[in-house]
Ligand SMILES: *Cc1c(COP(=O)(O)O)cnc(C)c1O
């Protein structure tokens with residue numbers, strides 16, 4: 001497809017600006033550019049078509065099945081968008097006096113209360129911009145807790161090897177040494193290894209639950225007990241609260257601090273880098289360390305406000321990605337207490353049904369029941385027939401569905417990680433399973449052809465390393 005610059009016809013214009021009826025003001029020559037910028041010149045019609053063509057090349061949940069594991073690509077109800085486009089939410093400024101944005105404060109109060117009830121936490125902040133940022137904020141609270149007690153020997157954060165990749169990154173970004181603990185045969189944290197890893201230098205543990213194998217750690221209470229007895233705090237990565245919400249609560253499992261990805265579990269269209277929002281919850285003894293946002297109080301040079309001198313400060317300007325929060329509240333209120341619980345049950349049921357259907361051909365990394373997602377492995381097929389997880393993913397593109405996550409988690413070779421979400425119907429799941437099985441058969445019959453898939457997409461197999469490391473993002477005349 002041609003770029004706008006290549007479609008440009010000099011002299012064409014798509015803009016209609018009224019004649020100037022105010023005095024002309026010349027900027028100082030020092031701030032003027034020497035020559036006019038090179039901009040594409042197109043009619044409004046051609047411009048509109050260009051973006052529509054681009055849009056048709058994208059794939060989203062509104063196009064079809066999107067089982068991208070660990071991403072929770074659920075359907076986002078349109079009523080959320082209506083709520084988020086109300087003028088009272090869109091036409092406000094973060095520097096307005098608090099007394100003029102009471103409705104926005106009410107949204108934050110209401111969702112905070114709902115999320116505290118869902119997670120069993122005592123306080124919440126909604127300022128972090130995404131999941132990883134929420135983790136960063138949460139681990140800052142834990143660091144602050146030890147600092148305030150004068151306990152500077154706690155330099156290590158324990159992260160099981162089945163955790164999300166952002167967990168070890170968060171520990172390191174916060175200045176801790178990350179200690180990895182292996183999983184046992186059952187895919188859960190190896191308790192013996194955990195006991196051996198804790199000590200007076202343990203600041204805390206970060207647990208992704210359900211873990212990246214889609215399993216709820218059956219020893220979760222024992223895990224938090226081991227950490228607490230060693231003097232550390234427990235952090236719960238609740239990015240994927242989908243199968244847990246309304247059924248069990250991290251607070252009751254012994255966790256001190258948690259983040260939720262509002263843009264996964266509580267809807268909001270996401271992908272391609274945003275927008276996201278994380279809610280970070282903590283127990284009462286960590287409350288004073290939360291980043292403060294809502295107050296008319298003056299800030300000092302470090303971004304701290306009067307009345308909360310112990311706060312970790314500011315992690316982001318103002319109140320976070322507020323419209324994502326509005327969508328999440330609309331979602332929670334429209335589901336209601338029972339609906340939240342039902343949706344968790346449905347997420348688990350859909351994943352297990354999909355898993356059973358795919359198990360006819362695909363090898364599961366962990367047999368048995370899963371939570372909201374599960375992992376398959378193409379390790380044997382790769383060894384025996386040369387067929388990789390990538391081949392399967394590319395073949396699924398030709399079937400018109402989005403592939404699952406591939407090569408993650410790292411602890412499974414040739415991994416395919418699928419998450420159907422609760423919003424898919426039985427028919428859709430059965431249809432998708434048929435496509436997965438057909439792709440598998442076709443690959444086994446002709447592995448050579450499988451390496452050439454996809455056949456129907458605009459771009460087939462780009463050099464992904466080059467694309468990530470040396471992206472070519474500028475048009476050069
Ligand atoms: C998605 C995810 C994250 C990171 O969230 P972002 O919003 O992408 O930063 C962290 N942990 C888990 C378990 C996740 O699934």
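The values are calculated or read from the model by the stated rules, or taken from the named source; none is laboratory data. Just so you know, these numbers come straight off a predicted model, no measurement behind them. We place every Cβ from the backbone using ideal geometry, glycine too, and count neighbours over all the protein chains shown.
Any residue that is in a loop (DSSP other than H, G, I, E, B), under 22 Å from residue 186 (Cα atoms) and touching a residue at least 12 places away in the same chain (Cβ under 8 Å) - is there at least one of those in region 382-402? Before the answer, list the steps.
Initial filter on region 382-402 (in a loop (DSSP other than H, G, I, E, B)): 386-388, 399-402.
Filter again for under 22 Å from residue 186 (Cα atoms), leaving none.
For region 382-402, residues in a loop (DSSP other than H, G, I, E, B), under 22 Å from residue 186 (Cα atoms) and touching a residue at least 12 places away in the same chain (Cβ under 8 Å): absent.
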Residue list for region 202-217, restricted to those being touching a residue at least 40 places away in the same chain (Cβ under 8 Å) and touching a strand residue (DSSP E or B) at 6+ places or on another chain (Cβ under 8 Å): 202, 203, 204, 205, 206, 207, 208, 209, 211, 212, 213, 214
In region 302-327, residues that are more than 26 Å from the chain's Cα centre (by Cα) and either modelled with pLDDT of 90 or more or over 18 Å from residue 105 (Cβ atoms) (or both) total 6
If we keep just the residues of region 211-226 that are crowded, with 24+ Cβ neighbours inside 10 Å and under 15 Å from residue 191 (Cβ atoms), which is farthest from the ligand (Cβ to nearest atom)? 223
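Of all helices (runs of 4 or more DSSP H) completely enclosed by region 8-101, which ones contain at least 3 residues that are without any contact (Cβ under 8 Å) to a residue 60 or more places away in the chain and within 16 Å of the ligand (Cβ to nearest atom)? Let's see the steps before the verdict.
Values: elements: 44-57, 78-84, 87-90.
It comes to none.
Just name the residue that is surrounded by the most Cβ atoms within 10 Å (Cβ to Cβ) out of those in region 116-131 that are in contact (Cβ under 8 Å) with a residue 60 or more places away in the chain and more than 16 Å from the ligand (Cβ to nearest atom).
121
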Would you pick out the residues in region 227-239 that are over 21 Å from residue 338 (Cβ atoms) and either surrounded by 21 or more Cβ atoms within 10 Å (Cβ to Cβ) or within 12 Å of the ligand (Cβ to nearest atom) (or both)? 227, 232, 233, 234, 235, 236, 237, 239
Extreme residue, farthest from the ligand (Cβ to nearest atom), among residues of region 162-174 that are modelled with pLDDT under 95 and over 16 Å from residue 257 (Cβ atoms): 162
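Name the single residue, out of those in region 105-115 being within 21 Å of residue 253 (Cα to Cα) and buried (at least 18 other Cβ atoms within 10 Å of the Cβ), that is nearest to the chain's Cα centre (by Cα). Give the derivation first.
Applying the first criterion (within 21 Å of residue 253 (Cα to Cα)) to region 105-115 yields 112-115.
Within this subset, residues satisfying the condition of being buried (at least 18 other Cβ atoms within 10 Å of the Cβ) are 112, 114-115.
Details: 112: 19, 114: 20, 115: 17 Å.
Among them, the one singled out is 115.
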Across region 252-269, which residue is nearest to the ligand (Cβ to nearest atom) among those that are surrounded by fewer than 23 Cβ atoms within 10 Å (Cβ to Cβ) and closer than 18 Å to residue 216 by Cα? 253
Go through region 240-276 and count every residue that is in contact with a helix residue (DSSP H, G or I) (Cβ under 7 Å, 6 or more places away or on another chain) and either assigned to a strand (DSSP E or B) or farther than 18 Å from residue 141 by Cα (or both). 23
Residues in region 134-156: is at least one away from the ligand (no atom under 16 Å from the Cβ), exposed (fewer than 14 other Cβ atoms within 10 Å of the Cβ) and within 29 Å of residue 341 (Cβ to Cβ)? no
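Just to be sure before I move on: is residue 291 surrounded by fewer than 24 Cβ atoms within 10 Å (Cβ to Cβ), assigned to a loop (DSSP other than H, G, I, E, B) and more than 10 Å from the ligand (Cβ to nearest atom) in the structure I sent?
Working: surrounded by fewer than 24 Cβ atoms within 10 Å (Cβ to Cβ): yes; assigned to a loop (DSSP other than H, G, I, E, B): yes; more than 10 Å from the ligand (Cβ to nearest atom): yes.
It is true that residue 291 is surrounded by fewer than 24 Cβ atoms within 10 Å (Cβ to Cβ), assigned to a loop (DSSP other than H, G, I, E, B) and more than 10 Å from the ligand (Cβ to nearest atom).
So is residue 193 modelled with pLDDT of 95 or more and crowded, with 19+ Cβ neighbours inside 10 Å or not? Before you say what the answer is, go through the steps one by one.
Working: modelled with pLDDT of 95 or more: yes; crowded, with 19+ Cβ neighbours inside 10 Å: no.
Answer is no for this residue.
Conditions (1) within 25 Å of the chain's Cα centre (by Cα); (2) over 19 Å from residue 335 (Cβ atoms), marked per residue:
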| position | (1), (2) |
| --- | --- |
| 59 | yes, yes |
| 73 | yes, no |
| 90 | yes, yes |
| 98 | no, yes |
| 124 | yes, no |
(1) farther than 16 Å from residue 159 by Cα; (2) crowded, with 24+ Cβ neighbours inside 10 Å all hold for residue 249 apart from (2)
